[in-house]
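Trainee: Take this structure first; my questions come after.
We did not get these values from a lab; they are worked out from the coordinates using the rules stated. Just so we're clear, the structure is a prediction, and the values are computed from it rather than from any experiment. Reconstructed Cβ throughout: ideal geometry from the backbone, glycine too, with neighbour counts over all protein chains shown.
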2 protein chains.
Amino acid sequence: MTLILRSMTDARPYTRLIDRLKASGLRPTRQRLALAKLLFDAGGDGVQAAAVRNRHVTAEQLHGEAMAADVRVSLATVYNTLHQFTEAGLLREVVVESGRSYFDTNVDDHHHFYFEDTGRLQDIPGDSVRLAEIPEAPQGAEIERVDVIIRLRDR
Amino acid sequence: MTLILRSMTDARPYTRLIDRLKASGLRPTRQRLALAKLLFDAGGDGVQAAAVRNRHVTAEQLHGEAMAADVRVSLATVYNTLHQFTEAGLLREVVVESGRSYFDTNVDDHHHFYFEDTGRLQDIPGDSVRLAEIPEAPQGAEIERVDVIIRLRDR
DNA sequence: ATACTTGCAAATCGTTTGCAATACC
DNA sequence: GGTATTGCAAACGATTTGCAAGTAT
């Protein structure tokens, strides 16, 4: 399991998040900050396992976490915020199941395991999936992204 | 463009479909037969381009086609039928967009182009996508299927 | 002060379900 | 005849929207 170290000795713990939002052209409102903290700072203690940092959340889940953390946010705002973050490149939307959207805090090039039995999503580590060959994009189109989803079931 | 030839000189044009449904343990009802015809026999003149035979339909679309062909089927039945066909291995469900399901008449191993601008789905011919490396399935799980979706946007 | 954000409740979309009527074997 | 299948309309879950009230710069 890979560990990722981050220096979190900043005296003002929100400064980083505020700057990040501002850099994306989003006003650092109370709600956006709280959601950003839940998404990007989970654990919050400076040393975090990749499994914790790479989150795959649905709007409902994140809303639930906010409630649990006593952050008042409406579900509509959670939806709006997730989409704004996605547009800003802070999140990546992953579609594996019709009727539910997952948002991935890992925006690097990578692919996913999907556990059909539980509905859980998991990053495939590093570049252990590699395409040997990618076809030409059809006339007039260009490739925006390649999604690989490995669907799993319990053995 | 590959052409696929089929002998369609059968005097009873529905015999093949009826047998196919029976073989799947599905009663060949009027509705199922009509939908099977629309799905698997589009064109119906014996020589069909692959592009016509490999269909990607939503329930709404298929329902619309049925209406246009003066086949009385309720939308609920279209949904049920699509799922039954999928369970029987006659169709394959493809998820590219949260909130809309596509059903693919091509059940062979293959992958997809997805035109984000139009919402259209297209088979990637043959095996021009190939994975160089597939990771181990995590403990206790086995790989059921690998989906590759190449997302395209207009250039 | 002004433009951007939020929350609420209602609206929407695709899909599923309960159940009485109907069709297949 | 008995069971599987259908249609309808209502129910559903996730997501979006309109708009008045609140908040950041």
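Trainee: Take the rotation relating chain A to chain B, measure from its axis to every Cβ in chain A, and name the nearest residue with the distance in whole Å.
Mentor: Closest Cβ on chain A to the axis mapping it onto B, in Å: A:Ala132, 2.
Trainee: Next up: Compute, for segment B:18-155, the length of the dipole vector about the Cα centre, with Cβ point charges of +1 (Lys, Arg) and -1 (Asp, Glu) only. Units Debye, rounded to 20.
Mentor: 600 debye
Trainee: Report the relative contact order of segment A:17-155, percent, no decimals, based on alpha-carbon pairs under 8 angstrom and at least 6 residues apart.
Mentor: Reported as a whole number, the value is 19 percent.
Trainee: Quick query: amide H of A:Leu131 versus all other amide H atoms, modeled in the peptide plane; which residues come in under 5 Å with a sequence gap of 5 or more or a different chain?
Mentor: Counting only residues 5 or more places away or on other chains, the set is B:Ala132.
Trainee: A follow-up question, please. For B:Ala88, place a label point 7 Å out from Cα along the Cα→Cβ vector, do the same in each other copy, and report the separations in nm, one decimal, smallest first.
Mentor: 5.1
Trainee: While we're on this one: Taking every residue in A:105-114, how many Cβ atoms of other protein chains lie within 10 Å of its Cβ, on average?
Mentor: 1
Trainee: For B:Lys22, give me every one of the lysines with a C-alpha distance below 28 angstrom, ignoring sequence neighbours fewer than eight places off in its own chain.
Mentor: In chain and number order, the partners are B:Lys37.
Trainee: Can you run phi through the Karplus equation (6.51, -1.76, 1.60; θ = phi - 60°) for segment B:16-29 and list ³J(HN,Hα) in whole Hz, with x for Gly and Pro?
Mentor: With coefficients 6.51, -1.76 and 1.60, one gets 4, 5, 4, 4, 5, 5, 4, 4, 8, x, 10, 4, x, 6 Hz.
Trainee: Among A:Leu82, A:Phe103, A:Phe113, pick out the residue whose Cα is farthest towards the positive end of the charge dipole of segment A:16-155, where Lys and Arg carry +1 and Asp and Glu carry -1 on C-beta, about the Cα centre.
Mentor: A:Leu82
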